[in-house]
Amino acid sequence: LSELASKKGGRYRLLAAATLWAITQDTETIVPLLIESLDSPEGPHPDSRRIGAAMTLSEIGAPAAAALPHLRRHPETDDDGLQFEIAVALWKIDGDATPLISILERSFAAFQNVDFSEKIESSRRRFPQMKSPRCDCWRA
């Protein structure tokens, strides 16, 4: 796994890094690999690799604090999925839900006439600890 995670441009790099994190909890080794994948993704789908790196960083949480400056460099991406995962990672790492709430508010505002009850319930399950007086979108 270490060899796969360290291989630049490797097809299974992110999966190997996430698996190593789950097994070893070794942030000194894993976080730099994820930062590199976030900043310089290689391969045919760079945003997908960035999304994967952001998702794993959010799973690591506060121990991935070294990644915060790198995550904050990507707030204005055109990829909604990447923007969302970066906001989740920022929230999970430093506790600031503001970017995530902002994305959710913009998304919900864009679809005011759409029934989001299923998506809201899914978000409640995924982020049960996230509460904000600014975001009344949690109420279906």
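The values are calculated or read from the model by the stated rules, or taken from the named source; none is laboratory data. All figures in this text were calculated on a predicted structure; none of them were measured in a lab. A quick note on method: Cβ atoms are made from the backbone with ideal geometry, for glycine too, and the neighbour counts reach across all protein chains shown. With ligands, DNA and RNA removed, areas are computed over all heavy atoms of the protein, side chains included. Shrake-Rupley method; radii C 1.70, N 1.55, O 1.52, S 1.80 Å.
Points to keep in mind about this one:
- Restricting A22, A18 to residues that are among the hydrophobic types (A, V, I, L, M, F, W, C) and either touching a Ser or Thr at 6+ places or on another chain (Cβ under 8 Å) or under 16 Å from A65 (Cβ atoms) (or both) narrows the list to A18.
- Whichever residue in segment 41-71 is within 20 Å of F84 (Cα to Cα) and charged (D, E, K, R) and, among such residues, is surrounded by the fewest Cβ atoms within 10 Å (Cβ to Cβ): E59
- Leading residue by the ranking (modelled with the lowest pLDDT) among those in segment 26-40 that are closer than 17 Å to A89 by Cα and surrounded by fewer than 20 Cβ atoms within 10 Å (Cβ to Cβ): D39
- Total residues in segment 72-95, condition open to solvent by less than 40 Å² (accessible area, probe 1.4 Å) and within 26 Å of T24 (Cα to Cα): 8
- Among the criteria (1) of a type outside the set (A, V, I, L, M); (2) under 21 Å from S123 (Cα atoms); (3) without any contact (Cβ under 8 Å) to a residue 12 or more places away in the chain; (4) open to solvent by less than 70 Å² (accessible area, probe 1.4 Å), the one T98 does not fulfil is (4).
- Flag if I86 is under 16 Å from F127 (Cβ atoms) and modelled with pLDDT of 85 or more: yes
- Subset tally (residues that are modelled with pLDDT of 60 or more and part of a helix (DSSP H, G or I)) for segment 103-140: 18
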